[in-house]
1. For the subset of region 132-146 comprising residues that are touching a Lys or Arg at 6+ places or on another chain (Cβ under 6 Å) and not small (Gly, Ala, Ser), which member is surrounded by the most Cβ atoms within 10 Å (Cβ to Cβ)?
2. Within region 106-125, identify whether any single residue is touching a helix residue (DSSP H, G or I) at 6+ places or on another chain (Cβ under 9 Å) and surrounded by fewer than 14 Cβ atoms within 10 Å (Cβ to Cβ), and answer yes or no.
3. If you check Leu156, Leu161, which single one turns out to be of a type in the set (A, V, I, L, M), farther than 22 Å from Ala251 by Cα and touching a Leu at 6+ places or on another chain (Cβ under 6 Å)?
4. Being more than 21 Å from Thr289 (Cα to Cα) and either part of a loop (DSSP other than H, G, I, E, B) or modelled with pLDDT under 95 (or both) is the filter here, so list the residues in region 9-51 that pass it.
5. Of all the residues that make up region 63-91, how many are of a type in the set (Asp, Glu) and surrounded by 14 or more Cβ atoms within 10 Å (Cβ to Cβ)?
6. Are any residues in region 279-301 more than 14 Å from Asp19 (Cα to Cα) and of a type outside the set (A, V, I, L, M), and if so, which ones?
7. Among residues belonging to region 230-269 that are free of Cβ contacts under 8 Å to residues at least 40 places away in the same chain and among the small types (Gly, Ala, Ser), point out the one that is surrounded by the fewest Cβ atoms within 10 Å (Cβ to Cβ).
8. Exactly one of these conditions fails for Lys202: (1) surrounded by 19 or more Cβ atoms within 10 Å (Cβ to Cβ); (2) free of Cβ contacts under 8 Å to residues at least 24 places away in the same chain. Give me its number.
Amino acid sequence: MKRLILLSLIFINILIARDISPIKEIQTKGNVMDLKIVNDILYIGTDEGTLETYNIKDDTFIEKIQLKKIHDFMGDFMNPKVYSVDVIGDKKLLLAQGEKGARELYINENNTTTKIITNEAKLVMQKARFIDKNRVFLGLLSNEIVLYDLKAKKPLYLFQLSQSKFSDFALNEDKTQAVISCESGINYLVDVKNGKVIKELKGANKDNVFKVDFKNGKVATAGQDRKGAVYDINNANVQTFDAPFLVYATALSKDAKLVAFSFGTDNEIAVFNLKTNSKIFNLKGQKSTLNSIIFYDDDTLYSGSDDNYIMKWRLK
């Protein structure tokens, strides 16, 4: 009997997720809009028109790119929101707010920022990522995807996936495939080279999927219907996680053994072990509504929210 009680207590302890506080707060100039990590550098897009670069190894800011002010609908000057950031080699990509609500795409190279796609193109871009130095993958509000040729200065293709509003996309590691989420709850796995749909990932979420991540053959989704989910693209398996509130953000570890979701009204992050299907960590201390989560390594992640603080977490 004593042995059974002991085993039961051990089992209960395994099931109880451990509470973790942030080990560092990183203050940015504006509210965080997007995060990207490349080669130990954290790239941060803000609503104050900045792309800020932060050295993870040294815990120091190393550069800040400031876009020029724009006019809002009332004609007043304001800093443009930087919705999406990326980097490849010495090129930095900024998708930002344009004049009177338009969207514009910039590339910063050799300390010079050049506008690549202007508001005249009438592309309501929501997210942008490099495929290589000459091509950029775009997600439009209309749930259209675009592969844009930077040299030719024109789209190689433009396809509409559905009539639902676009939410997010994520690329796989070699940038050959993308998963696009939208307000219908359906996620489209597409071939980046030609834009063709490979398959639909659906069933877990019945409403808008705010964010997706794509790692090691798995896709994580963050849903308005208070569900997080992880699909295995190689089979029909899907794991779902019920949350007490809308799930605004998600991220997978590099090996896709762990998944993180925003969880609850107190801006917590829940980290789950996908092998055991159990919650192992509660990350507490985010100040505002989460919009970005990103793993740096298996034990470290960063999160951004609707304020000017990025939290660093250690899963130990």
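1. My answer is Phe137.
2. Within region 106-125, none of the residues are touching a helix residue (DSSP H, G or I) at 6+ places or on another chain (Cβ under 9 Å) and surrounded by fewer than 14 Cβ atoms within 10 Å (Cβ to Cβ).
3. Answer to the check: Leu156.
4. Selection gives Leu9, Ile10, Phe11, Ile12, Asn13, Ile14, Leu15, Ile16, Ala17, Asn39, Asp40.
5. Taking region 63-91 and keeping what is of a type in the set (Asp, Glu), we get 63, 72, 76, 86, 90.
Adding the requirement that they be surrounded by 14 or more Cβ atoms within 10 Å (Cβ to Cβ) leaves 63, 72, 86.
Selection size over region 63-91: 3.
6. Lys287, Ser288, Thr289, Asn291, Ser292, Phe295, Tyr296, Asp297, Asp298, Asp299, Thr300
7. Step by step, filter region 230-269, then rank; the result is Ala236.
8. (1)
The values are calculated or read from the model by the stated rules, or taken from the named source; none is laboratory data. Being a predicted model, the structure only gives us computed values, none of them experimental. Heads up, the Cβs are rebuilt from the backbone with ideal geometry, glycines too, and the neighbour counts pull from every protein chain shown.
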